[in-house]
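Shown next, in structure tokens, is the structure this report addresses.
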Amino acid sequence: MTQNPYSPPAVTDASLGTAQESPPEYRHGPAWYIVFSGSAIGGAGTLFVLGQEWIRLSIGLLTVLAMVFVGCVLGGLLFRIRSLRWPDDPTVRFRQVIYSLLAVVSLPVMIYSIGGANYSGLGGMMVGVAIGCSVACGIFASGTRRFRGTQNMGDQ
């Protein structure tokens, strides 16, 4: 009886293993849900625009913008449903504000830089503001729960 039964076992490199990485499907936030659902439902809304005369065309364009809004908010809510079991991340609200401001400001600026100062540029800017506000509403609808992986859970 040369070994002490109360001593810890020897640690080898093989017994350490590697750190468990979180699966790649958990690494993204609500952006894919918001963009894909807003694009899909807004794309379905273009059926209201096809073949319309000019007065009904403006109503159809407003319908498309409304459907993009519904799609973005629906995408945020789908992410919120998916993340119900995840921990609440207190740092998310600040990032949501930053990303929402970025969505509301950058899209109209890009459209204006492409369209110029004529009427199509200003109209495109207004459409960009509407889509940016839709994305911002989807971001806020997604909630504050995020999957941070097992290696970061001790930081809470």
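For this structure, a couple of remarks:
- Filter result (among the charged types (D, E, K, R) and loosely packed, with under 13 Cβ neighbours inside 10 Å) within region 59-91: Arg85, Asp88
- Scanning region 90-108 for residues that are over 16 Å from the mean Cα position of the chain (by Cα), modelled with pLDDT under 90 and in a helix (DSSP H, G or I) gives a single hit, Pro108.
- Of the residues examined, Val135 is one that is within 23 Å of Val70 (Cβ to Cβ), out of contact with any Pro (no Cβ under 6 Å at 6 or more places or on another chain) and of a type in the set (Val, Ile, Thr).
- Residue in region 100-119 that is touching a Ser or Thr at 6+ places or on another chain (Cβ under 8 Å) and surrounded by 14 or more Cβ atoms within 10 Å (Cβ to Cβ) present: no
- Hits in region 13-54 (condition: at pLDDT 60 or above and part of a loop (DSSP other than H, G, I, E, B)): His28, Gly29, Pro30, Val49, Leu50, Gly51, Gln52, Glu53
The values are calculated or read from the model by the stated rules, or taken from the named source; none is laboratory data. Since the structure is predicted, the reported quantities are computational estimates derived from the model, not experimental observations. Ideal geometry is used to build each Cβ from the backbone, glycine not excepted, and the neighbour counts take in all protein chains shown.
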